[in-house]
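Okay, so here's the structure we're looking at.
The values are calculated or read from the model by the stated rules, or taken from the named source; none is laboratory data. In this text the structure is predicted, and so the values were computed from the model without any measurement. All Cβ positions, even for glycine, are placed from backbone atoms using ideal geometry, and neighbour counts span all protein chains on display. Side chains are part of the model used for accessible areas, which takes the heavy atoms of the whole protein and leaves out ligands, DNA and RNA. Shrake-Rupley method; radii C 1.70, N 1.55, O 1.52, S 1.80 Å.
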Amino acid sequence: MLDRPAPDPAVEARGTAPWIEILSGLGEKGPACIRLWTGRQLWLLDVGFGPEPTSPFQPEWLEGADAVFITHDHIDHIGGAEHAIAAGLPIHITAQTARALPGGADLRLIPERGQVMIDGIKVTTGRNGHALGGVWLHFALGDEALFYSGDWSEESEWFALDMPPPAGTALIDASYHLDPVPQSARKAALDAAIEQLDPAVQVLLPVPPSGRAGELALHLMNRGRVTLDDTCRAALLNGLQSGGVSPGASQIVPLLEQPFDPSARFLICDTPNADDGMAWQIVQAWRESGALGRSGAVLFTGHMTAHARDVAALGGFFTRWNVHPPLGDQQKMLARLGAKRFAPLFCRAPEAYRGQTGFPAMLSGRTML
């Protein structure tokens, strides 16, 4: 085990009052990492990498940290965990999300929904509607508590969502910025895009297995033959057994009992940017055979890296499938919390929120709780 980093001079004068500092994730779709001083310990909320390769986890973010909390297993929230493990830091994480960690982690398991006392602080968790085993975090700190959503969605037909208790300060997922389009319109747009294709064209949908794979399969299974690769099938079976999915999710069972069929109309495969896994293998095979853009199309539904954009230019297209909250859901969450101040995370131009109605004051810099 490596020695922990030496204390950062910037956090040496911590004081007794709790505060937060957003190290990464504000003003960009970049790695999630927030520093939380509880009055006794320094905690990091998420240790992300990417999603672009040009946005790595910065090991200096660990300086002075006493513990790490991870909300879910997507790379921009968990991708830097190996550095926390090497530093010997305890990692507070759900059992499901912990499966994505490298070996050797000092695990401190937290519930997917419930309460736990950590160093005298009451921490409440709830399922986030975004990823299997994923949670939001609520800390009973300061006068009015702190809420950190990680990523969340209220529109999923696959993942379950729990509502948080009130909090005066909220760090929320604003990945879709000021986009107000609801999932119902997204579904209509996806259906319209598919209807424009020749029925003989196969459609590859690259996905994160613990993300939108299940809900896309539920939506498409009545529109043509759907197949899921082994990684997605294993993740979805695990989801059905975990209790972290919605009641209607069991409709997918017949698909999970069938092996991957490369001749199916809709191919739902790992990874989300088609840069690895079965999605990458299919894209490569289509390129070599000349099928890409002719008898095979790649349909991207989430954040696209430079690699994904290159693939789409050769033979694909994009139509968003909501896995983050549109503007109206952001407003509703802040109203439910009774938040008096907030930070819109994971988007560019957060200052644009200052001109929007229905939003409280915005945070800036290190903020006392």
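Remarks
- For the chain, the calculated P(r) over all alpha carbon pairs, in 10 Å bins from 0 to the bin holding the longest distance, is 5, 24, 33, 23, 11, 3, 0 percent.
- Label-to-label distance for R294 and Q41 is 6.0 nm, based on points extended 7 Å past Cα in the beta-carbon direction.
- Full extension of the chain segment joining A285 with L314 gains 9.1 nm, where the gain is 0.36 nm per residue of separation less the Cα-Cα distance.
- Ordered by 1.4 Å accessible area with all protein chains kept, R35, R108 run largest first as R108, R35.
- Under 5 Å from the amide H of F159 lie the amide H atoms of S246, each residue being 5 or more positions distant or on a separate chain, with H modelled from the backbone and absent for Pro and chain starts.
- Theoretical gain in end-to-end length, N222 to M368 [0.36 nm per residue, Cα-Cα removed]: 47.4 nm
- Per-residue 3J(HN,Hα) values for the range 14-21, derived from phi via the Karplus relation 6.51 cos²θ - 1.76 cosθ + 1.60 with θ = phi - 60°, read 7, x, 9, 8, x, 8, 10, 8 Hz in sequence order (x marks Gly and Pro).
- Highest average packing first - 199-210, 54-65, 124-135, 293-304, Cβ atoms within 10 Å: 124-135, 199-210, 293-304, 54-65
- In straight-distance terms, cross-link reach from K332 covers every one of the lysines whose alpha-carbon lies under 20 Å from its own, apart from those fewer than eight places away in the same chain; here that gives K340.
- Using C-alpha pairs below 8 Å separated by at least 6 residues, the relative contact order for the chain is 18 percent.
- Amide N proximity, the range 90-110 versus Q241 label position 7 Å along Cα-to-Cβ, cut-off under 16 Å: 95-100
- When the Gaussian network model of the chain links Cα atoms closer than 10 Å, the mean-square fluctuations of T71, T231, T16 top out at T16.
- The stretch between K332 and T357 holds 7.8 nm of extra length on full extension. This uses 0.36 nm per residue minus the Cα-Cα distance.
- Extending 7 Å from Cα along the Cβ direction at Q115 and again at V201 yields two label points whose distance is 5.4 nm.
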